[in-house]
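Enquirer: The structure that follows is given in the form of structure tokens.
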Ligand SMILES: [Zn+2]
Ligand SMILES: [Zn+2]
């Protein structure tokens, strides 16, 4: 059985829940609860005196990778389609909204952190021209979603995966400003430089496109069939 998500399915007044990030993670060095950190979304720090990591900024995606490595949690779903349906942290337990998991989105404790991107996966998508939704290689000409000249989430997508995002992601509701373009790596500026000239970096690049790239408004009337049964890969 398939469930269809069209433009009507997008909630118009979505508010990002504020999950209790710090309550779920202990310092992997001293085992005491980590505290929220002001260094940015998805960052935590240990405040326990005497811990070798005290006051170090710790990124959730790196903490989670280490938790998985130690067998404390399952890895996030890997590349492939269909995307498993997951609830998000902060969603109500009685009726959590199940949404397709984008490959770039962090997962812990069986739930997605919808607004936190896994930087390791992100860099892989950027340097290997992989789709940010399914994690599989993109064709030479792939889709990007644009906010002005800036590439949304700084990675390409398949046409089908773009439609899936527009149909199911509550952060993409303001379609009056979003644009889409079919681009090759020749069109991408990575941190302001031609994509082909950039080295494999330790950080996530900011992607943009020049004026010359032809853009169109996203077709939010495309209806995408989304598998109802989750499958982990
Ligand atoms: Zn510690
Ligand atoms: Zn894809």
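The values are calculated or read from the model by the stated rules, or taken from the named source; none is laboratory data. Worth saying up front: this structure is predicted, and the values here are computed from it rather than measured. Neighbour counts run over all protein chains shown; Cβ positions are idealised from the backbone, glycine included.
Enquirer: Find the residue count for the range 130-140, including only residues that are in contact with a strand residue (DSSP E or B) (Cβ under 7 Å, 6 or more places away or on another chain) and crowded, with 18+ Cβ neighbours inside 10 Å.
Expert: 5
Enquirer: Then there's this: Restricting attention to the range 13-35, which residues are more than 12 Å from residue 89 (Cβ to Cβ), modelled with pLDDT of 80 or more and either more than 15 Å from ligand 1 (Cβ to nearest atom) or surrounded by 14 or more Cβ atoms within 10 Å (Cβ to Cβ) (or both)?
Expert: Across the range 13-35, the qualifying residues are 26, 27, 28, 29, 30, 33, 34, 35.
Enquirer: Which residue, of 197, 187, 191, is loosely packed, with under 10 Cβ neighbours inside 10 Å and over 18 Å from the mean Cα position of the chain (by Cα)?
Expert: 197
Enquirer: Under 8 Å by Cβ, and 6 or more places apart or on different chains, what pairs join a residue from the range 122-138 that is free of Cβ contacts under 8 Å to residues at least 12 places away in the same chain with one that is assigned to a strand (DSSP E or B) and away from ligand 1 (no atom under 16 Å from the Cβ)?
Expert: 124/130; 128/137; 137/130
Enquirer: Please work out if residue 102 is touching a helix residue (DSSP H, G or I) at 6+ places or on another chain (Cβ under 8 Å) and free of Cβ contacts under 8 Å to residues at least 12 places away in the same chain.
Expert: Against the criterion (touching a helix residue (DSSP H, G or I) at 6+ places or on another chain (Cβ under 8 Å) and free of Cβ contacts under 8 Å to residues at least 12 places away in the same chain), residue 102 does not qualify.
Enquirer: What number of residues within the range 127-160 are under 13 Å from the mean Cα position of the chain (by Cα) and at pLDDT below 95?
Expert: Total meeting the criteria: 2.
Enquirer: Follow-up question, since we're still on this one. In the range 162-187, which residue that is free of Cβ contacts under 8 Å to residues at least 40 places away in the same chain and either out of contact with any strand residue (DSSP E or B) (no Cβ under 8 Å at 6 or more places or on another chain) or assigned to a loop (DSSP other than H, G, I, E, B) (or both) is nearest to ligand 1 (Cβ to nearest atom)?
Expert: 174
Enquirer: Residues to consider are 153, 165; find the one that is within 16 Å of ligand 2 (Cβ to nearest atom) and on the phi > 0 side of the Ramachandran plot.
Expert: Testing whether each residue is within 16 Å of ligand 2 (Cβ to nearest atom) and on the phi > 0 side of the Ramachandran plot leaves just 153.
Enquirer: In this structure, does residue 143 turn out to be surrounded by 21 or more Cβ atoms within 10 Å (Cβ to Cβ) and in a loop (DSSP other than H, G, I, E, B)?
Expert: no
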